[in-house]
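Participant: Quick one: this structure, given as structure tokens, is what I'll be asking you about.
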Amino acid sequence: MYVCVGGFVRVCGFVCVWVDLRTWVDLCVCGWILSTRRGTVEQKKIFLVDCRAFLELKRSDVFSNLKTPGSVAFLALVLIEKNFNSRVATNVTSTMNGNNKVDEYVTLFNSVSKGNMDSKYYNSVKKSTNKLNSFKSYLPDPPTKKGRIINVTHQVPCEITLRNNVLQDQPMWELTPRRGHGAMYGGVQSLETDWETIYIGWTGQMYRPSSPEFSSNTTVTNIQTTPIISLDEKEKQSLIYELQNLNCIPLFLDSDSVFGHYDGYCKTMLWPLFHYIIWDNATDGRLERQQWESFSSVNQLYADAVIENYQEGDVVWVHDYHLLLVPAMVRAKLPRARIGLFVHSPFPSSEIFRCLPKRQQVLKGMLGANLVGFQTYAYARHFISTCTRVLGYESTPEGVDRGDGHFCHVGTFPIGIDTESVDAKFRDPDVIMKVKAITDMYPGKKILVGRDKLDLVKGVLQKLAAFEKFLADYPEWRNKVVLIQLTDGSTHTMEREVTEIIARINGVYGCIEGAAVYHYHHPVQVDEYYALLSAAHAALVTSGRDGMNTTSLEYVMCQQERHGQLILSELMGAAGSMSSALMVNPWDYAGLAKTINDALLMSEEEKLYRHKQLLKHVKSHTASFWARSFVKMLMESVELSEKSSHTPLLRTEWLTQCYRSSTKRLLCFDYEGTLTPLRKMYGLTVPSKSTMDTLEQLCRDPRNEVWIISGRDESTLDYLLGSIVGLGLSAEHGSFMKYPNTKKWINTTEHLDMSWKHDVVEIFTYYSERTAGSFIEHKRSSVTWDYRLADPQYGLFQAKECQNHLEQAILSKMPVDVVVGKKNLEVRPTSVNKGQIVKRLLASNQDLDFVMCCGDDKTDEDMFKAIKKFDVDEQWTFSVKIGTENKKTLALWHLPTTQDLIHSLNAVVTSNV
């Protein structure tokens with residue numbers, strides 16, 4: 001950091017002789033160094049103070065100290081465009097303007113900022129920047145970064161305009177901060193101190209000037225532009241190079257993709273549904289199918305860009321509903337990637353979401369993430385419930401178990417704003433002047449303010465109707481209250497409706513002194529916006545549905561002196577975290593009218609109390625806090641998943657080698673979920689031809705003894721597998737056995753007391769009558785209550801209640817066990833389980849040198865436990881869990897699916913031929 005003190009310069013804690021720092025040329029280099037984000041915030045503040053002090057000392061001859069005034073322009077460019085505080089930068093440049101060469105400076109600055117710098121000025125600036133290397137040695141090493149975050153957003157964070165460059169044959173681009181989503185971009189940018197961040201996104205609609213070239217006095221605000229339809233390859237490469245300086249990787253989408261993805265599926269299907277608007281027109285599905293294809297293909301483009309730029313250890317953060325398929329697409333190619341998804345919009349209840357034709361695909365896309373974040377707890381709860389009801393996945397309050405070993409955590413992270421930036425803006429002298437102007441414009445009147453988009457969910461029509469009700473019910477406020485409504489974006493129909501209701505209100509309640517409602521349907525300048533928030537006595541933020549409306553947060557920051565009240569819709573995401581606001585139902589016009597009256601009559605003490613509570617929340621839950629909280633929980637969820645115990649994947653080569661070298665083998669298999677996939681609908685799961693062929697080949701080998709140990713009854717197993725010669729069968733978890741090459745079933749429970757069945761059936765009947773879709777399955781030695789057809793959440797709840805009931809009423813009195821299966825509860829004698837059958841088989845075959853047991857659920861753990869105790873070298877025993885690697889199990893190996901098991905058995909059989 002450079003601080004001018006008595007002929008010396010303090011450089012970031014080091015001291016060196018002031019030799020060359022005598023002109024603005026050198027001071028500009030200092031500013032440029034710090035603008036590369038290597039300097040700390042405190043260092044930048046000191047630098048700006050030094051700039052102002054230096055200007056004051058040299059005020060009379062600022063320009064006389066320069067060979068050219070190019071250095072001053074360069075410094076101003078650094079201050080304004082390189083992340084310095086805009087208010088302080090403006091003060092510095094205002095000081096510069098206080099000299100007799102202000103016209104020359106303004107012309108010069110315009111030339112620099114438009115890229116038309118005169119060659120002599122350019123050479124001066126270039127000469128100044130060449131001193132960069134000599135100063136770098138005084139700068140501290142940049143802090144060590146924690147890693148990289150790839151932010152996948154719908155659009156890159158800057159708006160793009162192609163300039164006409166009359167001096168060079170190269171495209172020249174103007175990159176300005178994108179309007180909207182300031183909280184999201186601000187939060188992500190706050191991570192740059194600890195993380196290296198890059199952005200992947202669509203370029204957005206780009207523009208080019210309508211006029212053929214710039215003049216030296218052209219400003220950005222008066223340029224007429226037209227949309228760019230497409231770019232040639234030279235322009236694309238030039239833009240890619242420019243955006244690389246901002247760590248942005250652009251995606252170029254053609255107009256058809258944009259129309260099908262954003263204007264189509266996002267805005268006509270997802271956006272209405274997420275805001276509780278059900279489509280009112282029925283189609284044959286062709287348009288929806290085309291839009292879905294565009295939505296899916298564009299999401300794939302984003303995913304491909306992530307995969308192409310991914311480095312080991314990167315964090316991938318996907319934003320909002322435009323890109324809901326990206327997490328699963330990235331996960332398919334990068335299974336170990338750390339992926340987060342944050343949905344900025346509301347998320348509807350399952351009853352609404354299930355109306356979406358592609359509901360399963362969208363949910364599965366989202367579940368590819370390690371962490372899915374929402375604005376409120378209600379939205380997170382809706383998502384978890386929807387995954388359970390639509391996909392049938394098991395869930396907890398912490399997240400959703402996808403069933404393949406991947407657990408998707410779900411969290412709540414209300415977004416905030418950059419409070420320091422807003423605080424600086426509303427205290428800016430220009431804003432303060434405009435506040436006074438607005439107050440003088442409406443002398444003696446209370447000012448209500450609203451700022452909304454003109455769409456179906458922002459509640460502008462309801463707000464106007466409620467204000468009309470307020471003037472009708474409280475006539476004492478007529479001509480004493482004015483509503484200033486700002487809007488942008490619209491449909492022609494809604495704009496016409498708004499205009500009509502405002503005309504009606506002003507016609508009835510307006511007077512010669514002024515109207516009751518002032519409507520400004522266009523974007524306003526930032527200083528005007530903050531001036532209006534500061535001048536208002538109350539803000540009306542009354543959306544029907546919304547994620548996290550930042551207008552309410554900005555209003556609280558701007559009311560640190562007036563303590564105006566915030567009237568907030570209880571249906572918005574912000575309502576859950578801003579309980580000190582005045583909550584209203586936007587559809588209750590009379591209630592909203594009364595709340596407006598209460599806000600205007602509220603005592604100063606209550607105003608101050610409510611405002612302090614709101615301000616505390618806004619300042620503590622900033623955009624930076626939101627981003628850091630999300631990334632922290634994402635890392636914790638990934639770490640938690642990585643710590644889970646993993647069962648190694650069965651190596652077919654090793655299995656084959658041990659099988660071929662053995663002389664006497666025992667192979668035991670569960671049936672459903674192991675040899676055949678599980679079915680959601682209850683009924684017979686017929687084995688495939690390949691499964692039957694594999695079992696037959698295993699049974700033909702005289703060195704093999706092959707058993708199917710299932711929970712099914714005897715008749716079912718005979719029907720499905722009785723045709724295989726040499727296959728042993730065990731039914732009802734070991735209650736019945738039929739040895740190979742025999743036809744007689746042996747009842748292993750015939751001497752057991754079965755009187756407990758009557759009491760168990762009574763309990764199961766009680767819960768069946770109260771759980772639609774559940775039923776009781778009666779077996780000779782057990783009773784099962786199955787709820788696979790019931791509502792997933794209610795069925796699981798009832799199963800836990802039923803289990804508690806059984807444990808208290810039955811287990812304490814009778815020798816039975818309650819087995820928790822997949823969507824069922826089974827009660828059976830304590831001495832009956834699959835492990836007992838395996839023990840019996842092991843005992844009758846003392847000379848075994850190869851044992852294999854395969855199963856997929858909790859009932860099969862008894863088999864794995866039994867072979868662990870058997871006196872055979874562990875390398876010759878293969879206990880295999882069918883399912884994911886992180887399932888808790890006693891098995892030594894795992895295979896993901898039933899098809900993988902059949903493939904491994906085929907390899908074993910083939911190798912032995």
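What follows is calculated from the coordinates using simple rules that are stated; it is not laboratory data. None of the values given here were measured: they were computed from a predicted structure. Neighbour counts run over all protein chains shown; Cβ positions are idealised from the backbone, glycine included.
Participant: Stretched out fully, how many nm does the piece from K333 to E196 gain, at 0.36 nm a residue minus the Cα gap?
Facilitator: 47.0 nm
Participant: Taking 0.36 nm per residue of sequence separation and subtracting the Cα-Cα distance, how much length would be gained by fully extending the chain between R289 and L601, in nm to one decimal? Walk me through the intermediate numbers first.
Facilitator: On the way: separation 312, 0.36 × 312 = 112.32 nm, distance 5.47 nm.
Gain on stretching R289 to L601: 106.9 nm.
Participant: Only loop residues by DSSP count here, and only those with at most 11 other Cβ atoms within 10 Å; note down the GluC sites (Glu not before Pro) in the stretch 712-760 that meet that. List each step's numbers first, then the result.
Facilitator: On the way: sites: E714, E732, E750; in loops: E750.
The qualifying sites are E750.
Participant: Considering only Cα-Cα distances, which of the following residue pairs are longer than 25 Å: K865/K888; K738/K813; K446/K469?
Facilitator: Over 25 Å apart, Cα to Cα: K738/K813.
Participant: For the stretch 436-456, list residues with backbone N below 13 Å from a point placed 7 Å from the Cα of K267 toward its Cβ?
Facilitator: Residues passing the 13 Å test: 454-456.
Participant: Taking the Cβ-Cβ separation of T176 and K888 as r and a Förster radius of 56 Å, what is the calculated FRET efficiency to the nearest 0.05?
Facilitator: After rounding, the FRET efficiency stands at 0.55.
Participant: Calculate the spin-label point distance for N845 paired with K234, positioning each point 7 Å from the Cα along the beta-carbon direction, and give it in nanometres.
Facilitator: Each label point lies 7 Å from its Cα, and together they span 7.8 nm.
Participant: Ok, one more. Taking the Cα-to-Cβ direction at C511 and at D488 and moving 7 Å from each Cα, how far apart do the two end points lie in nm?
Facilitator: For C511 paired with D488, the spin-label model returns 3.5 nm.
Participant: Over all alpha-carbon pairs of the stretch 419-620, lay out the pair-distance distribution in 10 Å bins, whole %, shortest bin first.
Facilitator: Going from the shortest bin to the longest, the percentages are 9, 37, 40, 13, 0.
Participant: Something else about it: Classify the stretch 281-399: rounded, prolate or oblate, from the alpha-carbon gyration tensor (a ≥ b ≥ c, eigenvalue square roots; a/c under 1.5 rounded; otherwise prolate if a/b is larger than b/c)?
Facilitator: The shape class here is oblate.
Participant: Okay, next question. For an R0 of 45 angstrom, estimate the FRET efficiency from the Cβ-Cβ distance between N906 and Y241 and round to the nearest 0.05.
Facilitator: Numbers: r = 54 Å, r/R0 = 1.21.
Efficiency for this residue pair is about 0.25.
Participant: In nanometres, what is the gap between the two model label sites at R660 and A378, each 7 Å from Cα along Cα-to-Cβ?
Facilitator: 6.5 nm
Participant: Separate question: Kindly state, to the nearest 0.05, the FRET efficiency for Q360 paired with S755, given R0 = 35 Å and r defined as their beta-carbon distance. Before the final figure, lay out each step's value.
Facilitator: Numbers: r = 46 Å, r/R0 = 1.32.
The pair Q360/S755 has a calculated efficiency of 0.15.
Participant: Could you list, in their original order, any pairs among K779/K822; K463/K616; K823/K887; K800/K839 whose Cα atoms are separated by more than 26 Å? Display every interim value, and only then the final one.
Facilitator: Working: K779/K822 17 Å; K463/K616 28 Å; K823/K887 17 Å; K800/K839 31 Å.
Those over the limit are K463/K616; K800/K839.
Participant: Continuing with the same structure: Starting from the Cα of K744, draw a straight line to each of the aspartates and glutamates and keep only those under 12 Å, dropping any in the same chain fewer than 8 residues away.
Facilitator: Partners found: E714, D718.
Participant: Less than 20 Å apart at the alpha-carbon level, and either on another chain or at least 8 residues along: which aspartates and glutamates does that give for K146?
Facilitator: E192, D194, E196, E312, D314, E636, E639, E642
Participant: By its C-alpha gyration tensor, with a ≥ b ≥ c as the square roots of the eigenvalues, how is the stretch 408-524 shaped: rounded for a/c under 1.5, else prolate for a/b larger than b/c, else oblate? Intermediate values should be presented prior to the final figure.
Facilitator: Numbers: a/c = 2.00, a/b = 1.25, b/c = 1.61.
It is oblate, given that a/c is not under 1.5 and a/b is not larger than b/c.
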